[in-house]
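Worksheet: one structure, shown below.
The values are calculated or read from the model by the stated rules, or taken from the named source; none is laboratory data. None of the values given here were measured: they were computed from a predicted structure. Cβ coordinates were reconstructed from backbone atoms using ideal geometry, including for glycine residues, and neighbour counts include every protein chain displayed. Accessible surface is based on the protein model in full, side chains and every heavy atom, while ligands, DNA and RNA are left aside. Shrake-Rupley method; radii C 1.70, N 1.55, O 1.52, S 1.80 Å.
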Amino acid sequence: MNGSISLMNGKYFTGTWETSARHASGEVVFFTGMTGYQEVLTDPSYAGQIIAFTYPLIGQYGLESDGSESARIQVAGVLVQSLADSGDQSDLKDWLEQEGIPVLSQVDVRALVHVLRDEGDQFGMMAADIHETLEVPDVRHLTDRVTTTSIVQEGNGEKGHIVCLDFGVKASMIGEMVKRGYRLTSVPYQTSKEVVEALRPDGVLVSNGPGDPRDHIGQIEVIRELALSYPTLGICMGHQLLALAFGCKIEKQAYGHRGSNHPVRNVKTNEVWMTSQNHGYVVARMSIEQSPLELLYENVNDHSVEGLIHPNASIFTTQFHPEASPGPTDAQSVFDRFDEMIQQGVNVYA
């Protein structure tokens with residue numbers, strides 16, 4: 001069966017419809033990594049998006065039992081050049097079918113990416129009928145779809161207790177701190193300061209997640225007060241929310257950073273890491289000057305803000321995903337730094 005992906009600018013691309021789900025709409029974005037499709041598909045930060053994989057063959061190595069970043073596929077739809085019939089352990093196509101995710105193969109992904117790079121990420125619609133009318137989805141409440149609905153504890157480490165404000169946290173982020181000997185409690189993103197304090201954290205993690213951080217202005221003051229009270233790490237969405245909390249501004253990128261090959265430089269040490277990234281918004285660099293925060297990391301390619309640090313409080317952030325799922329492991333020392341910050345920081349219960 002033939003199908004299409006139609007963009008807001010009126011352009012469309014045709015291909016072969018691979019699953020029984022016949023329709024999807026969302027922001028059309030592209031991922032540049034050669035591997036990691038399972039992690040990408042289950043990353044809550046991709047919730048509601050139609051993702052185009054630039055690597056020409058997807059599904060070739062199957063699925064891993066522990067390779068997912070959440071309990072379900074989060075993307076709205078999938079665009080590929082070629083979809084492998086089967087993998088070593090499980091069939092990707094069958095999984096996408098079971099999850100009700102529309103898939104369009106034989107798409108000219110190279111041409112599609114050129115359009116997105118020239119004209120920016122934009123909303124699109126996948127349909128088995130190319131004559132359907134494009135509908136723009138409501139993306140203001142994506143976080144409500146991916147946050148935990150209850151307080152969830154993982155790990156039994158005695159090194160300390162971290163509370164995660166869950167805007168769509170990845171399983172591997174939690175795993176990195178559990179591996180380092182911490183107990184981690186995830187709470188819904190809109191949890192009050194009083195509830196977090198009652199959990200007696202030694203540190204706070206403000207997680208990654210989908211959408212525009214400016215949709216969460218109502219939670220900004222809570223985040224600022226928590227960050228000034230406990231050692232705090234913000235990742236991706238969490239980085240942007242902490243930046244907003246201390247007076248920075250947020251900008252929409254033309255086509256975002258999504259892939260596992262983005263070079264980032266530590267401006268204080270000049271060390272360069274290859275990083276995994278997934279975001280469509282950035283902190284406006286000039287706005288840092290009006291805040292108490294300082295630039296810590298920058299993107300080597302476009303000099304965009306990749307991380308911030310507070311000079312007088314135990315707060316730092318990364319725009320990239322240091323857990324590296326998928327991607328290179330260069331930046332995993334970020335979790336070591338957070339560990340050290342908690343261990344050497346102010347004892348909030350003294």
Scan the stretch 50-63 and give yes if some residue there is surrounded by fewer than 24 Cβ atoms within 10 Å (Cβ to Cβ), under 23 Å from the mean Cα position of the chain (by Cα), polar (S, T, N, Q) and at pLDDT below 95, otherwise no. no
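Looking at the stretch 254-350, what strands (runs of 3 or more DSSP E) fall wholly within it and have at least 3 residues that are touching an Asp or Glu at 6+ places or on another chain (Cβ under 8 Å) and either at pLDDT 95 or above or open to solvent by 40 Å² or more (accessible area, probe 1.4 Å) (or both)? Even if it seems obvious, please write down each step before you answer.
Working: elements: 272-283, 294-299, 305-309, 315-318.
Counting at least 3 such residues, we get 272-283, 294-299, 305-309.
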Inside the stretch 295-306, the number of residues satisfying the requirement of being within 9 Å of Val267 (Cβ to Cβ) and touching a helix residue (DSSP H, G or I) at 6+ places or on another chain (Cβ under 7 Å) is 1
How many of the residues in the stretch 152-190 are open to solvent by 10 Å² or more (accessible area, probe 1.4 Å), under 24 Å from Ile217 (Cβ atoms) and among the β-branched types (Val, Ile, Thr)? 1
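Just checking, how many residues over the stretch 16-49 are part of a strand (DSSP E or B) and either surrounded by 22 or more Cβ atoms within 10 Å (Cβ to Cβ) or under 20 Å from the mean Cα position of the chain (by Cα) (or both)?
Quick first cut of the stretch 16-49, residues part of a strand (DSSP E or B) only: 16-17, 23-31, 49.
Cutting the leftovers down to either surrounded by 22 or more Cβ atoms within 10 Å (Cβ to Cβ) or under 20 Å from the mean Cα position of the chain (by Cα) (or both) gives us 24-31, 49.
Looking only at that region, the number is 9.
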Report, by residue number, each residue of the stretch 79-113 that is closer than 18 Å to Gly36 by Cβ, in contact with a Ser or Thr (Cβ under 9 Å, 6 or more places away or on another chain) and hydrophobic (A, V, I, L, M, F, W, C). Leu79, Val80, Leu83, Leu92, Leu96, Ile101, Val103, Val109, Val113
What is the residue count in the stretch 73-118 for residues that are open to solvent by less than 20 Å² (accessible area, probe 1.4 Å) and either of a type in the set (Phe, Trp, Tyr) or assigned to a strand (DSSP E or B) (or both)? 6
Just one listed residue, out of Asp108, Asp118, Asp88, is charged (D, E, K, R), modelled with pLDDT under 90 and over 20 Å from the mean Cα position of the chain (by Cα), and it is Asp88
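Please determine whether any residue of the stretch 265-280 is aliphatic (A, V, I, L, M) and within 18 Å of Asn208 (Cα to Cα).
As a first pass, look at the stretch 265-280 and keep what is aliphatic (A, V, I, L, M): 267, 272, 274.
From the residues that got through so far, the ones that are within 18 Å of Asn208 (Cα to Cα) too are none.
No, the stretch 265-280 contains no residue that is aliphatic (A, V, I, L, M) and within 18 Å of Asn208 (Cα to Cα).
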Hey, among the residues in the stretch 244-289 that are in contact with a Ser or Thr (Cβ under 7 Å, 6 or more places away or on another chain) and small (Gly, Ala, Ser), which one's farthest from Val169 (Cα to Cα)? Gly247
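Could you look through the stretch 238-253, keep only residues that are in a helix (DSSP H, G or I) and touching a residue at least 40 places away in the same chain (Cβ under 8 Å), and pick out the one that is farthest from Asp166 (Cα to Cα)? Please lay out each step first, then the result.
From the stretch 238-253, those in a helix (DSSP H, G or I) are 238-245; that's our starting set.
From the residues that got through so far, the ones that are touching a residue at least 40 places away in the same chain (Cβ under 8 Å) too are 238-243.
Working: Gly238: 9, His239: 13, Gln240: 14, Leu241: 12, Leu242: 14, Ala243: 17 Å.
That would be Ala243.
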